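The next block holds one structure in the form of structure tokens; read it before the comments.
Each value in this text was obtained by applying a stated rule to the coordinates, not by laboratory testing. Since the structure is predicted, the reported quantities are computational estimates derived from the model, not experimental observations. So basically every Cβ, Gly included, is an ideal-geometry build from the backbone, and we count neighbours across all protein chains shown.
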Amino acid sequence: MADQTLLDYTQRCVKAEKETERLATQLQALSNGNLGDIDIDDKEYLDLLNENAKLKYRIGILKRNVESLGGDACSLAPNVDFSRHMCNILGHLEEVFTSAVLKAYPDVTNPVVQIQVSKHADYQCNAALALAKTLKKNPREVGDTVLKAVADDPVISKLDLSGPGFINIYLNQNFIREQVTNVVLNGVTPPPTVPERVVVDFSSPNIAKEMHVGHLRSTIIGDSICRLLEFLGHDVLRINHLGDWGTQFGMLIAHLKDTYPDFANNPPPIADLQAFYKESKKRFDEDEAFKKRAYEAVVQLQAHDPVHIKGWEEICDISKQEFQKVYERLQIRIVNRGESFYQSRMESLVKELNAAGLLEEDEGRKVMFAEGAEIPLTVVKSDGGFTYDTSDMACLKQRIEEEKGRWLIYVTDAGQSQHFKSFLACAKKAKFYNPSKVRVDHVTFGVVLGEDKKKFKTRSGDTVRLVDLLNEGCQRSEEKLKEKERDKVLTSEEFIKARDAVAYGCIKYADLSHDRSRDYIFSFDRMLDFRGNTAAYLLYALTRIRSIARTAGVKRENIISEAQKGPVLLDHEKEWKLARTLLKLPDVLIKITEDLYIHPLCEYLYEVSSVFTEFYDTCYCVEKDQTGKIVKINHGRLILCEAVAVIMEKCFAILGIETVSKM
Ligand code: ARG
């Protein structure tokens, strides 16, 4: 098997390398100004650059894999032992068919082999059609040649040719039966992954300001990405890049000195930091003398004067405690490392950039230009201070050089795209960031809108406080559960658990189930609807699935020991459909890891619950007589129910949604 893996990988390497070369040629033509017949605009150019970087990065991984196969580090091999691991069927079939194409037609340079779900068979491969065009051959003939070149494979039971050259793929029933049974026995195992050091920058609110819905989106999306990557086996560093440095601290400290002169000995009892911020801002705008003292305070702070540092710390602590409350409610783990952390690094960075002659004077400021940066970076302001640009440059360098990050992810609103493009382009020019060695993703998202489709605001037009939003969610969820008379069947402890799981689950799911790049409408009514693709519905569906065995008096141990006896039967058409649906999970996880769009996982979760309903409506799991007495238990089907629950729970876990056993 190792030989086959090595072969597959070498072929994939060759494929990726060719693709890179092709792109590189295009890029070269572009940079020479040979636009010729390459019809490319700026956006496409950037996309190409990006694509090129990703491919180069992938080649790195593939090469390392091939190397590791030379030794005995087979744990990194993508062809894992399917008797213990879940197979990523689609990806696996793509590899099998790519190998077949390359075996049948060794001269083909860039075979694009895509596998689709089929109505007539289980899957279908249409590669022959495109291939026939390139080869100027009859597609049916090409299809037949490819079909014959497919190696024996445990996943495939049968292949046949249909239409003008489609290859129908039928999955091996025994393989699927074993795979589903394994889900019950071993849980969901991650698809093959080369572990990397990943730094995820998310949430990142600003000190002394309210965390707003934009930060909520970043928190929810970022946390889910971390959970996904952690599950895949990556080494993930979760960072809260707090806005805790900058000129606003001057006015805050000056105001602190006036209102709580003894702050250095007694921490100020500031209950409402936003109000405190507003007061100091008002004074700063209206009172010249105060403004002057505010500026002096910044200078003292940046010079690390102990008293000023103390005041700054106290203000930061108050904010951090507020943020922490939100994180605890939403079960978010994150490490605080704000902009201030980079102060000394910014100083040395500026020296380096200066020495390399990369900075230019512009009306007292020091700026940096780079290809790809539409607006220049402001590295040093005219008063000598640093900016958001400077801290992100220094931070990027720190994450690459000190944290040894191989994959850096930033989760912010799409409004910051320009900023990210610019500092990345400058970092590349300054040569501490090499896109072929380090993958960087700016994971952007759209704006949160109110039900009136305008920017999400309270009735009085203020920004919505996150704490109020979470409180309202809990209250609405409570009403909903009471409406369904759940308070009459649950203990008060169970009721509170269900209320919170539904409230936070719904808020998270509403966000994650939408294409993140679009704006989305925040509506409690919609997210708490017990019908359709909502967390309320899905969490409830899961508790119902879990209750099937429970009400039949069958314990989990019994299901496990039944599963140990041998692979579950999949005789009924709906059982077969359900099993195949369950086994799509690894492919979904691989797909969402490629572009970090999470919503396909939500679509998948909804599909699982719908296919389960189809199965449950036609296939009896537990049969009862007229009196309600159980007359027959179909243990095989209880194994299937258990597999559904395990899969759904894994999806919820990756989405960061807590499940409950009763609601
Ligand atoms: N504090 C920023 C904001 O509220 C987000 C920071 C994102 N991270 C970064 N490295 N720039 O918009």
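Structure data summary
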{"quantity": "Positive-pole candidate from S83, L237, V298, dipole of the chain, charges at beta carbon", "calculated": "S83"}
{"quantity": "Given charges at Cβ of Lys, Arg, Asp, Glu: the chain dipole, positive-most of L273, V380, H215", "calculated": "H215"}
{"quantity": "Point-charge dipole on Cβ atoms (K/R +1, D/E -1) for the chain, about Cα centre, debye to 20", "calculated": "1260"}
{"quantity": "Modelled FRET efficiency - R0 22 Å, I560 with V631, Cβ distances, 0.05 increments", "calculated": "0.35"}
{"quantity": "Estimated [θ] at 222 nm from DSSP helical runs (n ≥ 4, -39500 (n - 2.57)) normalised by residues in the chain, nearest 500", "calculated": "-18000 deg cm²/dmol"}
{"quantity": "Separation of alpha-carbon centers, the range 169-216 and the range 640-662, rounded to whole Å", "calculated": "13"}
{"quantity": "Net +/- balance of residues flanking K351 in space, Cβ distance below 15 Å, scoring K and R +1, D and E -1", "calculated": "+1"}
{"quantity": "Relative contact order for the range 464-547, counting Cα pairs under 8 Å that sit 6 or more residues apart, in percent", "calculated": "27"}
{"quantity": "Two-site label geometry, D272 and V335: point separation in nm, points 7 Å out along Cα→Cβ", "calculated": "3.7"}
{"quantity": "Trypsin sites (Lys or Arg not before Pro) lying in DSSP loop within the range 314-418, provided at most 16 other Cβ fall within 10 Å", "calculated": "R333, K381, K404"}
{"quantity": "Given the chain, longest segment not containing exposed loop GluC sites (Glu not before Pro) (DSSP; at most 12 other Cβ within 10 Å)", "calculated": "1-362"}
{"quantity": "Cα-centred dipole magnitude for the range 571-612, charges only on beta-carbon of K, R (+1) and D, E (-1), debye, nearest 20", "calculated": "60"}
{"quantity": "Rounded to the nearest 20 debye, dipole of the range 362-433 from Cβ charges on Lys, Arg, Asp, Glu", "calculated": "320"}
{"quantity": "Cβ-based net charge around A549, under 9 Å, with every Lys or Arg adding one and every Asp or Glu removing one", "calculated": "+3"}
{"quantity": "Gain in span if fully extended, S517 to E483, counting 0.36 nm per residue against the direct Cα distance", "calculated": "8.8 nm"}
{"quantity": "Computed label-point distance, nm, for sites D262 and F432 using a 7 Å Cα→Cβ extension", "calculated": "4.5"}
{"quantity": "In nm, spacing of pseudo-spin labels at V467 and K351 (7 Å Cα→C-beta vector)", "calculated": "4.3"}
{"quantity": "Ranked packing of 234-240, 213-219, 384-390, most packed first, by mean Cβ within 10 Å", "calculated": "213-219, 234-240, 384-390"}
{"quantity": "Cα-based convex hull volume of the chain per residue, rounded to whole Å³", "calculated": "204"}
{"quantity": "Neighbour-limited loop hits for trypsin sites (Lys or Arg not before Pro), the range 418-456 (at most 15 other Cβ within 10 Å; DSSP other than H, G, I, E, B)", "calculated": "K431, K437, K453, K454"}
{"quantity": "Estimated FRET transfer efficiency when R0 is 51 angstrom, pair Q475-H120 (beta carbons, to 0.05)", "calculated": "0.50"}
{"quantity": "Trypsin sites (Lys or Arg not before Pro) restricted to DSSP loop in the range 508-558 with at most 13 other C-beta within 10 Å", "calculated": "R518, R531, K555"}
{"quantity": "Whole-number D in µm² s⁻¹ for the range 370-447, Kirkwood Cα-pair radius fed into Stokes-Einstein, 10 °C, 1.306 mPa s", "calculated": "122"}
{"quantity": "Greater than 23 Å apart at Cα, pairs in K555/K584; K119/K158; K148/K577; K351/K429; K257/K310", "calculated": "K555/K584; K148/K577"}
